[in-house]
């Protein structure tokens, strides 16, 4: 019996605890008071509406909500409310502060307020409203509580000085609670009402404040989802659970298992875009929003709050693209909280989605060797369609496009705006992403510069040789709604926003369409510099495969047909593949005389007959045209003082005519390459007289569109592009590796060492084929005989050293001069080096891992890696010292994919088997003469290797 009584008592206690745990409570002041519908001031947490102390009948209160008469608050309970309790009263009269300001209203009343800044953000606080006599009256109001539009409680008349009245309202079964304060008909002056200690008790999720239309909108969205979206969602497969463990299968070595897909979420309300490495989860009811961004390689959730899909400013008004409101917390969220979030009628809402394969962004005509040929890359595409309730946006359709790539932790995203309405619209601004990301570091007082481990870039990039320098669109912003962050000043950079730096301010005519730039998001699984760099290089294989073309070219400094044909013949004899008629050669692509076209068409045809490609040079930026044509500096209102000093505006008539002339030149001559000096570096033009742009706000977008449309057109023709800027994602092939031009005027030995440092440093984030370096066969800038290789036969050692480190790294150089060889021995050397390069071309163009940086005091080395090839590694080792070097060194073999044993072939000789250690390093012994180089081919000696 004792045991039975104890068991009953334990069951009773357990059931009591269960009941207690199911009941929750929340102060009204903790809800999102910004949703209150107000006439004067705003709903204020724990203070009166005037932001003064909450005081009624001489008694001070520290908890509650201060409002003005005319205020309505709508609380969504969804039938889970239990009780609402509060005291109500009119705040005691307070004095106006000394810094008060005022405005006169339409009927002579005066509205008082104060202005200031908090956390760097401006604010305006209501302080009072006079009556027609110019005084702030003693307030008098009525408080009312409604449940689903039925009156549940009324306070009766309450005047200033009256003691508070208590209320307790049963909320059982009520979905929407409405709290109102009305004036007594004697005017609103002084009606400073307080909901004192107001508290809601409830079961389940916490109630939240909404707009008045929420219940109707929620019902409508639920019906729309069930009728239109849910059937499509049901046709998708459930998200699979059988992806390999990324810890067991490294995608950088074997990407094959990681296939992309679009799946139905387990909650039957979500879509999941994933390839097993990363995933993005979209809630599609009651509206579209991102509800998850997971790094599945390490299990990290990167999103801390539900986020919209973007932002648009149309005709001067800002709209969120999708999104959900009513979050409880911004530092994290639980999946069940999303069920209680709601759609804002002011946002674009989702109406449809479609799934497909990745599509090519523009045409790529393949006409030369490339390490990569797959285009478009394999993966999945997901497109959401959104519309708006506002009649002003009737016929405006927004599409949000996503792509995810097989075998890569990579998404890309862009938006299109279709104007199917009855009037023109203007896209003033846009943001492709507005993501509430988990902060990379948390600090109380620091203005942090550490960001989440994700690389975000776009094709709206310029004015740098490197991706970070050219990144104009990635912004890490503060989240002022994230009030629980550690930073007291709310300075944590934790909102990822992808937007243009200005504009675009583009008109979209009836029947027209606007397309944003593309945002690419590469999620990393490590902070290791080498691994992050290899991940970025792998990304470029998928999104810019044309950058893996890598023809062997020379820079010719003459357009004399005899000299050009001699250079072409030398290319044929040595194995070179392209001649570039470089700057200073005399070629003018803007010359529209038929004789000009005829001359260069004949030279091109001669080159083609020999199997050689012929290219040209054009200067765009850093040239002065005229006051009417050039970019107008927004700071001065005059030309000059911009990037590159001065430059023609691409939105001028001259700018449009320039591109017309270049297109015509390629159509007339069939040239194979463009070397475009400049390029467009992002200057903003303030001219209001140029034909093709209106002013500063649209000038950058128009110029970027002009030049990238031209590059994409060339890509479709198969024209190779050397561009000293970061336009890879718009179709270009190569940019400078990063060197100081005057260094090519230094003595030859210093050029060699500095050139090798440039290669080592320039290969952290880019592949060999993406970069060019330089070799001055003739004088460049200065330096005289000590700096040049001509006559070539007298400097064969230096000539070979240049070719060895350039071809050995896969980085093509601009061999600038009138010829490739000047004697049989010189020719023999060039033929030997080109033959060596072509024999190992695939591995020499593969990604580089860094072994030891050149410093002139010991060996230096790089190593190419590619698990997909027979030659999985290729090491280039240099001895820059004046002494013989004999020592053991380690080569990092992990990214070759070789696991147990390697077959090592010194300079292509007999294979020697070498074991790898537990860290996938391999030890070899080098024995090198002074100022020499050597190389090793690395193959797998273990059948387990890939």
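The values are calculated or read from the model by the stated rules, or taken from the named source; none is laboratory data. Given the structure is predicted, the values throughout are model-derived calculations rather than measurements. Positions of Cβ are backbone-derived with ideal geometry, glycine not excepted, and every protein chain shown enters the neighbour counts.
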Tally time: how many residues in segment 732-743 are surrounded by fewer than 24 Cβ atoms within 10 Å (Cβ to Cβ) and modelled with pLDDT of 95 or more? 1
Considering only segment 435-459, state which residues are under 10 Å from the mean Cα position of the chain (by Cα) and more than 23 Å from residue 298 (Cβ to Cβ). 458, 459
Could you identify the single residue in 637, 611 that is in the same structural domain as residue 725 (by TED's automatic domain parsing), surrounded by fewer than 17 Cβ atoms within 10 Å (Cβ to Cβ), modelled with pLDDT of 95 or more and assigned to a loop (DSSP other than H, G, I, E, B)? 611
Which one is surrounded by the most Cβ atoms within 10 Å (Cβ to Cβ), of the residues in segment 705-731 that are out of contact with any helix residue (DSSP H, G or I) (no Cβ under 9 Å at 6 or more places or on another chain) and in contact (Cβ under 8 Å) with a residue 40 or more places away in the chain? 722
The number of residues in segment 566-601 that are in contact (Cβ under 8 Å) with a residue 24 or more places away in the chain and not in a helix (DSSP H, G or I) is 16
The number of residues in segment 44-63 that are in contact with a helix residue (DSSP H, G or I) (Cβ under 6 Å, 6 or more places away or on another chain) and within 12 Å of residue 192 (Cβ to Cβ) is 0
When residues of segment 901-919 are limited to those that are in contact with a strand residue (DSSP E or B) (Cβ under 7 Å, 6 or more places away or on another chain) and in a loop (DSSP other than H, G, I, E, B), the one modelled with the lowest pLDDT: 908
Near pairs, Cβ below 7 angstrom, 6+ apart or cross-chain, from segment 833-856 (closer than 14 Å to residue 908 by Cβ) to any residue that is surrounded by 23 or more Cβ atoms within 10 Å (Cβ to Cβ): 837/844; 840/874; 843/864; 843/874; 844/808; 844/810; 844/864; 844/874
Please give the number of the condition residue 650 fails out of (1) in contact with a helix residue (DSSP H, G or I) (Cβ under 6 Å, 6 or more places away or on another chain); (2) surrounded by 22 or more Cβ atoms within 10 Å (Cβ to Cβ); (3) not in a loop (DSSP other than H, G, I, E, B). (3)
So, residue 496, is that one in a loop (DSSP other than H, G, I, E, B), under 30 Å from residue 357 (Cβ atoms) and either within 11 Å of the chain's Cα centre (by Cα) or not assigned by TED's automatic domain parsing to the domain that holds residue 677 (or both) or not? no
Verdict on residue 324 being in contact with a helix residue (DSSP H, G or I) (Cβ under 8 Å, 6 or more places away or on another chain), over 28 Å from residue 35 (Cα atoms) and assigned by TED's automatic domain parsing to the domain that holds residue 520: no
Any residue in segment 214-233 that is at pLDDT 90 or above, assigned to a loop (DSSP other than H, G, I, E, B) and on the phi < 0 side of the Ramachandran plot? no
Taking the conditions exactly as written (under 21 Å from residue 553 (Cβ atoms), assigned by TED's automatic domain parsing to the domain that holds residue 820 and surrounded by fewer than 24 Cβ atoms within 10 Å (Cβ to Cβ)), does residue 759 satisfy them or not? no
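Suppose we filter 45, 37 for residues that are surrounded by 13 or more Cβ atoms within 10 Å (Cβ to Cβ), outside the structural domain of residue 491 (by TED's automatic domain parsing) and closer than 21 Å to residue 174 by Cβ; which single one remains?
Working: 45 fails: closer than 21 Å to residue 174 by Cβ.
Within the list 45, 37, the selection yields 37.
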Out of 123, 113, which single residue is surrounded by 11 or more Cβ atoms within 10 Å (Cβ to Cβ) and at pLDDT 90 or above? 113
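Based on this model, can you work out whether residue 930 counts as buried (at least 20 other Cβ atoms within 10 Å of the Cβ) and more than 23 Å from residue 766 (Cα to Cα)?
It is false that residue 930 is buried (at least 20 other Cβ atoms within 10 Å of the Cβ) and more than 23 Å from residue 766 (Cα to Cα).
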Hand me the list of strands (runs of 3 or more DSSP E) wholly inside segment 121-179 holding 2 or more residues that are touching a residue at least 60 places away in the same chain (Cβ under 8 Å). 121-129, 140-147, 165-170
Is it the case that segment 340-350 has a residue that's without any contact (Cβ under 8 Å) to a residue 12 or more places away in the chain and either farther than 15 Å from residue 433 by Cβ or over 21 Å from the mean Cα position of the chain (by Cα) (or both)? no
Take residue 526 and tell me if it is surrounded by fewer than 21 Cβ atoms within 10 Å (Cβ to Cβ), at pLDDT below 95 and part of a loop (DSSP other than H, G, I, E, B). no
Output the residues belonging to segment 893-946 that are touching a helix residue (DSSP H, G or I) at 6+ places or on another chain (Cβ under 7 Å) and within 13 Å of residue 865 (Cβ to Cβ). 895, 920, 938
Can you confirm whether residue 240 is in a loop (DSSP other than H, G, I, E, B), in contact with a strand residue (DSSP E or B) (Cβ under 9 Å, 6 or more places away or on another chain) and either closer than 30 Å to residue 897 by Cβ or touching a residue at least 12 places away in the same chain (Cβ under 8 Å) (or both)? yes
One residue is enough: does segment 83-92 have a residue meeting the conditions assigned to a strand (DSSP E or B), at pLDDT 90 or above, in contact with a helix residue (DSSP H, G or I) (Cβ under 9 Å, 6 or more places away or on another chain) and assigned by TED's automatic domain parsing to the domain that holds residue 193? yes
